[in-house]
Amino acid sequence: MTQNRKVTVFVNSLGASSLVVAVAIVFFFPPPLRSEWVVAFSTLLALAVVSALLAVNLSDEGSTTAMDFVPQLAAVVLLGPAGTVVLTVIEQLFTEFFVLKKPAVRAFFNFAQVVLASAVASLLYVAFGGETEVAQLTFRVSFPPFIIAVLGYFAVNSISVAYVIAISESRAIGDAWRDTVGTIILFDVVMSSLAYIVAFLYLQWGSIALLSAVIPIIGLRYSYGVNIALSQLSQDLLKVLIKTLEARDRYTSGHSLRVSERSGQIAAQLGTRPKKKRLIETAALLHDIGKIDLAYGEILRQTGPLTPEQRELIRAHPDKGVEIVRSVRSIDPEILMCIRHHHEWFDGSGYPTGISGEEIPLGARIIMISDSVDAMMTDRPYRKALKLEEVRQELLRNSGTQFDPIVVEATLASGVLENWLSRDPDLPNTLGIPQPSTIG
């Protein structure tokens, strides 16, 4: 079965399951339809739609995260299972298909997993003794079941997203979860406490107080959006800087961007955690920043052998790079270590310090291979690019001497060699797979 077929089967199964569960809940837990219930339902639905419309873009592919889980979880407390499910179905249909107008498969997946997550949360809340009357809310009785409901909601949400990414990219689900969902789920779980506050405010002061919850939601959305925008801007500026530096030499143009992307893929193959993977990608992007001096441009374009002075200059570029990058106050020390040691050989015969084996930071060992492979697979002034099989044989021949054998094995297993020059590393991944908490 192809990957696309697996994704389609999973999404359809998830959709069918969510609809069956939703219908069953409405049948077995019929809503009271009293006037105060209808008012609470209408108010929460309006808040959910507004929250969804304030979704934050996570990537150029259209991945988003929204705060509409706050009114959905408030509905768990105020409206009971049927009210929660009906509210979620209406809000998701409206926002996914008519407002955000996402591609059909993505919209249906988001709809299905959020409806199922809300249904599971509402059932857990009732099963563990939570109160579902609009007129009452006792902290001691209702808050522990609410916490269980929140955990159930995000378990369904995060596992669904991680699984669809895992099958679409042929990865272990644990790796997919850590690499995508794990980066923002803690924020979402902590922010879920706002849902309980929303429910409490409604019982104290009614719809006006409930609508006032829009203010903190807008504030949190703005804060989160600014942080994401600043992070993306920093990465974009860094890429522009590197591309500008490399533009002076057609042989190395795009080199650092490719090394960064492929290093991330190799790191993922090795099962590194998302934060460490991002550090390695950043270090790989900056690994040649020490060659900013114009003297390096002349050396890189040289077709003949290097003089002793030129060789010493080349060997100095890792330390020069560290000196430049160290001036950035927020730089992680691990990035500096990877930049400094990316020319160390596994057997200890590299530079600048001659350390060996696992003394060399993992990121530096990965960058050493990515840097070398990119040099082999692109034309240089002194030779033409090597063929794929020649590159593979070079990696195997130098495994244990220049390269870490484990990283060599991961490189060959990851498939990055076959796709090394397949697309511009500036282009976003266009698999069209929903990302974590893409519920807006």
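Please treat every number below as a calculation from the coordinates, not as lab data. Note that the structure is a prediction, hence the values are computed from the model and not measured. We place every Cβ from the backbone using ideal geometry, glycine too, and count neighbours over all the protein chains shown.
Highest mean first, how do 154-162, 31-39 rank when packing is the count of other Cβ atoms within 10 Å averaged over residues?
Working: 154-162: 21.8, 31-39: 13.8.
Those peptides, ordered most packed to least, come out 154-162, 31-39.
Magnitude of the Cβ-charge dipole of region 247-414, K/R +1 and D/E -1, about the Cα centre, nearest 20 debye?
Working: 24 positive and 24 negative charges, 96 e Å.
It comes to approximately 460 debye.
Kindly rank 69-78, 362-371 from highest to lowest mean number of other beta carbons found within 10 Å of each residue. Working shown, then result.
Values: 69-78: 29.8, 362-371: 26.1.
In descending order of packing, they fall as 69-78, 362-371.
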Query - Highest-first arrangement of 262-270, 12-20, 144-152, where packing means the average Cβ count within 10 Å - result: 262-270, 144-152, 12-20
Requested in this report: Note down the relative contact order for region 67-175 as a percent, whole number, built from C-alpha pairs under 8 angstrom at least six residues apart.
Outcome: 27 percent
Report task. Please list, in chain and number order, the residues 5+ apart from F403 or on another chain whose amide H is under 5 Å from its amide H, with Hs placed from the backbone. Result -> F346
